[in-house]
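What follows is a set of notes on a single structure, which appears directly below.
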């Protein structure tokens, strides 16, 4: 019998599925970030309830995303797959051209002036959305045993690394990254580099490589060795601490993924990366806890950014549990233990965020309704996080049965 938290998560996900055209005749409203979390949520619900219908919904959502965001916009004179592949080959490799964000407005044209505010509403491709989709596809393979989803994730990693990273001219330094690219991946729309993009790329490629190692050799596809090495070089000297709750949550989730990969002996030989992630998370949490942001009224808060932190704090609790269960593992050094202990005192912040937004009165705020889809899906992730987090029971990939 599902508990109250799971029932709420199921209700949020079913409302989202009906509202956005996944289980209804309503117009399809696909948005890459939200849909990545939604796929993971549905996989987690399938595992917890043992009901195959949630896995089937996850697979249907993946198909809709690829056929919507993997193809040109309806208001674009261009047609077909973003990759330019023919219909049949594009169907077999739907991520080779990347995936659109899903914004309402068309992307900025080559000769249009840059407008900082308007750019947030324009379509294109975001690397940090693409890594979330890679993770979602990989979770499908881990949950179902079907290798093509991991293959599509690796093909997406390969094409986006080639498009988003570049070597600055006449510097002799490490590669850099663009934050936002055009739909066809031929020109940067925002040339600055995201603070955590290379980090997310590195850890995600490690994860995809780990899953691929458990698949039949006949699957083929990119090995991602060059991408892993390239992202690793970009991490040298990186400053990851942030006061943004969504960014802190992302660091904590990345730390959890690193710990799980270390637990299973995947490519990481020491705990330096894990220590750096935990240290940056503690710094950010210390600032956030003093900021007073959680004392603001609902109409001055963005729920989905807070849910990112709440999900990450749940992951911190899982890291502590894993450490207690595996004290002799390579992630059990004194430095890791000290940082995890510092993190645990902030775990109640996640409970506070969850409790605040589970209150229907707070969900009547304009800031909730304006971002309803992403808010409800990420609240569902907080309530039932097993599908999104790299659950140890899914290593190596195991098949979900009804």
- Query: Any residue in the stretch 131-141 that is farther than 15 Å from residue 62 by Cβ and either out of contact with any helix residue (DSSP H, G or I) (no Cβ under 8 Å at 6 or more places or on another chain) or not assigned by TED's automatic domain parsing to the domain that holds residue 205 (or both)?
  - Reply: no
Checked the stretch 117-175 for anything within 16 Å of residue 36 (Cβ to Cβ) and in contact with a strand residue (DSSP E or B) (Cβ under 7 Å, 6 or more places away or on another chain); matches are 125, 126, 127
Reported set for the stretch 11-47 where residues are within 21 Å of the chain's Cα centre (by Cα) and more than 14 Å from residue 373 (Cα to Cα) is 40, 42, 43, 44, 45, 46, 47
Flagged in the stretch 158-171 as surrounded by 13 or more Cβ atoms within 10 Å (Cβ to Cβ) and not in a helix (DSSP H, G or I), in numbering order, are 165, 166
Screening 8, 63 for residues that are more than 23 Å from residue 163 (Cβ to Cβ), touching a residue at least 24 places away in the same chain (Cβ under 8 Å) and not assigned by TED's automatic domain parsing to the domain that holds residue 355 leaves only 8
- Quick one: would you say residue 118 is under 22 Å from residue 43 (Cα atoms), part of a helix (DSSP H, G or I) and more than 14 Å from the chain's Cα centre (by Cα)? no
Within the stretch 67-79, residues surrounded by 14 or more Cβ atoms within 10 Å (Cβ to Cβ) and without any contact (Cβ under 8 Å) to a residue 40 or more places away in the chain come out as 67, 69, 70, 71
Of 305, 272, 329, the only residue that is modelled with pLDDT of 90 or more and over 20 Å from the mean Cα position of the chain (by Cα) is 272
Item to complete: Using the structure shown, decide if residue 222 is surrounded by fewer than 19 Cβ atoms within 10 Å (Cβ to Cβ) and closer than 20 Å to residue 157 by Cβ.
Response: no
Quick check on residue 155: is it free of Cβ contacts under 8 Å to residues at least 24 places away in the same chain, within 29 Å of residue 254 (Cα to Cα) and either in the same structural domain as residue 28 (by TED's automatic domain parsing) or in a helix (DSSP H, G or I) (or both)? no
Query raised in the report: Going by the structure shown, is residue 48 surrounded by fewer than 20 Cβ atoms within 10 Å (Cβ to Cβ), assigned to a helix (DSSP H, G or I), in contact with a helix residue (DSSP H, G or I) (Cβ under 7 Å, 6 or more places away or on another chain) and not assigned by TED's automatic domain parsing to the domain that holds residue 154?
Result: yes
Exactly one of 60, 108, 53, 96 is surrounded by fewer than 20 Cβ atoms within 10 Å (Cβ to Cβ), modelled with pLDDT of 95 or more and either in contact with a strand residue (DSSP E or B) (Cβ under 6 Å, 6 or more places away or on another chain) or assigned to a loop (DSSP other than H, G, I, E, B) (or both), and that one is 96
Apart from one, (1) in contact with a strand residue (DSSP E or B) (Cβ under 9 Å, 6 or more places away or on another chain); (2) assigned to a loop (DSSP other than H, G, I, E, B) all hold for residue 33; the odd one out is (2)
Note on the stretch 224-263: residues more than 21 Å from the chain's Cα centre (by Cα) and part of a loop (DSSP other than H, G, I, E, B) are 236, 237
Residue pairs within 8 Å by beta carbon, gap of at least six or interchain, first lying in the stretch 373-385 and under 16 Å from residue 32 (Cβ atoms), second outside any helix (DSSP H, G or I), listed first then second, are 373/20; 373/29; 373/31; 374/31; 381/388
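The values are calculated or read from the model by the stated rules, or taken from the named source; none is laboratory data. Just so it is clear, the structure is predicted and the values come from calculations on it, not from any experiment. In this analysis, Cβ positions are derived from the backbone assuming ideal geometry, glycine residues included, and neighbour counts consider all displayed protein chains.
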